[in-house]
Amino acid sequence: MASNSSKYLAANRSRLLKDRMARWGVTLGGSMVLIALLMIFFYLLYVVEPIFRSVKVEPLTDFAAPGQGQTLALGMEEQGEIGYRFDDQGLVTFFAVQDKPSQQRQAGQVLLQQQLLDAADITAFDATLPVNNRYVYAMSGGRALIVQPKFSVSFPNNERLIEPYVEVLNDGQPLLIDQQQRQLNQLVYEYDDATMQFAAVTAAGDLLLTRFNANEDFLTGAVTLEASYQQIPFNGVIDELEMTPDLRQLMVRRGERIHVYDVSSDGNVSERQLLISDNKAMGKITTVELLAGASSIIIGHDSGKISQWFQVASDEGRNYQFIRSFDSGNSAVKALVVEYYRRTFYSVAADGELNIFHTTSEADLYHQRPAGVAVQQAVIDPRANHLLALSDGRLHLFDVDNEHPEVTWSGLWHEVWYEGYPEPQYTWQSTSGSDDFEPKFSLVPISFGTIKAAAYAMLFAVPIGLAAAVYTAYFMSPSVRKAVKPTVEIMEALPTVILGFLAGLWLAPLVEQYLPGMMAVLVLVPLAIIATAFIWSRLPTHIRSKVSDGRAALLLMPIILLVGYFAFGMSPLIEDWLFDGNVRGYLTNELGITFDQRNSLVVGIAMGFAVIPTIFSIAEDAVFSVPKHLTQGSLALGATPWQTLTRVVLLTASPGIFSAIMMGLGRAVGETMIVLMATGNTPIMDWNIFEGMRTLSANIAVEMPESEVGSSHYRILFLAAFVLFIFTFIFNTAAEFVRQRLRDKYSSM
């Protein structure tokens, strides 16, 4: 007895130890899952957080402005190491803006000075858009001298050395702008490839347009400039001139009116539009600038307001229209400074305040005097990392942290009016072949595409998956179930890339070619099943008794195949009969429905095929696990098998069935390869079943390899992943909540 007791005690100790180890293992595993989810959550937040940081303008250094006289223009090279200054004495001065002890350079140290022309010879001055980086002096005798600051980069001793120099175009010779050699009081200049174009205002108030076309001799290679001169009729005093870099448009400001002229490729000028600013709402115009890309006009007003105008398509063609306004305070706008490539601009107020805005996102990013400096003039470097400001004869260098001005919460989730668009829209377009392109980062179209793809997939998968699960678990004979259930579950192991490949290259052309047949299948197959069941029920009992109820459904398989074959065979006849031989043309021309080969119907079928095994397996287990005493008791009380199914089995299994649906939905929301290969990846917002979509997961897969690490595009893709994470979290949380309620409600059965 003592020996048996000791054995029992040893067995109990071993069992208790195993129980503890199992409990610890399960607890550790669950905890690690939660920790992994939290790490994913916080890592996504870590990557996304910088796009919502506020702008920082931090002082670096300041020094006395080198050179002479009044500053006409400031500039910096792209590394923010060297600045330059044009003054009204005809002198260009290059200077270091940061200390570099290794090269014995100190901030403010003059690196190069060059006298371009005599101060008495200067009558006007202008600068091109920052991206073109040229400057022009108007000289007496109706001439102009074009200057371009340049920088050579070398790496002695593996250290970057930047050396400035000046290039004076046309071999240092001024160009004749006015054939009558009159004094030019105002001047604007831009160039495009081999063409240079000037607009000038003479002392008498005449408006001139001069073009120079470069012609290269085929034999000698010598380049000559062919000039064309014309005077543009204009009444009134001209306050300001602007010209687009493509040389197609000239803006002439007279008071609160801006005349927009079209310039043809051969130099002919015609007035296109008159822009009239609202004095009462905006105040008087103080300055006008072109935004990066030259598609928008930015107008500063003495009220402190700034308005943006760009061309919008209308019945009269593409005309400029007031789009939005910004408020820089109560002080008049003294100057506007635009960035080289982004739609960000800086305004300098009369009271010395610096303001930073981004037009597309309508973001007010910065409003104050940086480090207490009253800014009089400012310039931003090409990379938008450094700001050089002039104040009371001193230059102040600031570090600007403004990496993601185009990203705002409203820009991601609200309609945005992009340049050239007829109205505000939800748009995702991250890249283009043009440097003037403005990225569009609305997450709405791809979030909508995710929901659309999941909805059509579930519309296809839920009825088939649940019906198959209920029949397999409740009606099918055990021997057939042993073969059917593993077969369907094995389908879940099929790689989705294979399904996407088949959907994109085989199913999509098939649906396009046999679209009427495909629609006929959706109608004829259910009717054929119902008709077959009706006929089967009317057959003599001795015939029906030869096939058990659990195997009767197998008789439907050849009927379904025959009906499907018949529908596809009749597809060309249906198309000729009902759609005049062109169903796509009928949809497009008669119904106004766009048809894409890779569309939501294809995605619904392919992704539904991938989701069906998930729904089937979980739902079938839930139905099959309903206790037998419940079904047997129901049948014993006189209920029919169908009544038992609907009023006992399905209610008891409802928590598991709901879990199956939500698991399938989670699978559909996160699916990548099928939607990537079968949708066309068009980020549009339309429930049209014959159009494609772009989903969050597919968008990440397509664009993440091409995105620049740390860029706005890169971080927004992580934000898309975060949104996808939140989607699945919400679905799973809702599913668990509903499942628990259903379990509590029907657990007492």
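When GLY604 is tested against (1) farther than 20 Å from TRP642 by Cα; (2) among the small types (Gly, Ala, Ser); (3) at pLDDT below 85, exactly one condition is not met: (3).
Using the structure shown, decide if ALA531 is not assigned by TED's automatic domain parsing to the domain that holds ALA701 and not β-branched (Val, Ile, Thr). Here the answer is yes, as ALA531 does meet what is asked.
Of the residues in region 77-94, how many are in a loop (DSSP other than H, G, I, E, B), touching a residue at least 40 places away in the same chain (Cβ under 8 Å) and either crowded, with 20+ Cβ neighbours inside 10 Å or among the acidic types (Asp, Glu) (or both)? Selection size over region 77-94: 5. Restricted to strands (runs of 3 or more DSSP E) entirely inside region 269-339, those with at least 2 residues that are of a type outside the set (Val, Ile, Thr) and under 25 Å from the mean Cα position of the chain (by Cα) are 305-314, 317-327. Against the condition surrounded by fewer than 22 Cβ atoms within 10 Å (Cβ to Cβ) and not in a helix (DSSP H, G or I), how does THR644 come out, does it pass? No, not satisfied.
In region 345-352, the count of residues that are closer than 25 Å to MET76 by Cβ, surrounded by fewer than 22 Cβ atoms within 10 Å (Cβ to Cβ) and either modelled with pLDDT of 95 or more or not charged (D, E, K, R) (or both) is one or more.
Scanning region 96-130 for residues that are hydrophobic (A, V, I, L, M, F, W, C) and either touching a residue at least 60 places away in the same chain (Cβ under 8 Å) or not in a strand (DSSP E or B) (or both) yields VAL97, ALA107, LEU116, LEU117, ALA119, ALA120, ALA124, PHE125, LEU129. Scanning region 704-725 for residues that are surrounded by 12 or more Cβ atoms within 10 Å (Cβ to Cβ) and of a type in the set (A, V, I, L, M) returns MET704, ILE716, LEU717, LEU719, ALA720, ALA721, VAL723, LEU724. When ARG667, ARG694, ARG739 are screened for being touching a residue at least 24 places away in the same chain (Cβ under 8 Å), within 24 Å of the chain's Cα centre (by Cα) and crowded, with 16+ Cβ neighbours inside 10 Å, only ARG694 passes. Please determine, by comparing only the residues of region 437-471 that are more than 29 Å from LEU651 (Cα to Cα) and hydroxyl-bearing (Ser, Thr, Tyr), which one is farthest from the chain's Cα centre (by Cα). Of everything passing the filter in region 437-471, THR450 is farthest from the chain's Cα centre (by Cα). Residues satisfying the criterion are present in region 598-612 (criterion: surrounded by fewer than 23 Cβ atoms within 10 Å (Cβ to Cβ) and farther than 25 Å from ALA720 by Cα).
The values are calculated or read from the model by the stated rules, or taken from the named source; none is laboratory data. Bear in mind that the values here come from a model prediction, so they are computed numbers and not experimental data. Note that we place each Cβ from the backbone using ideal geometry, even for glycine, and neighbour counts take in every protein chain shown.
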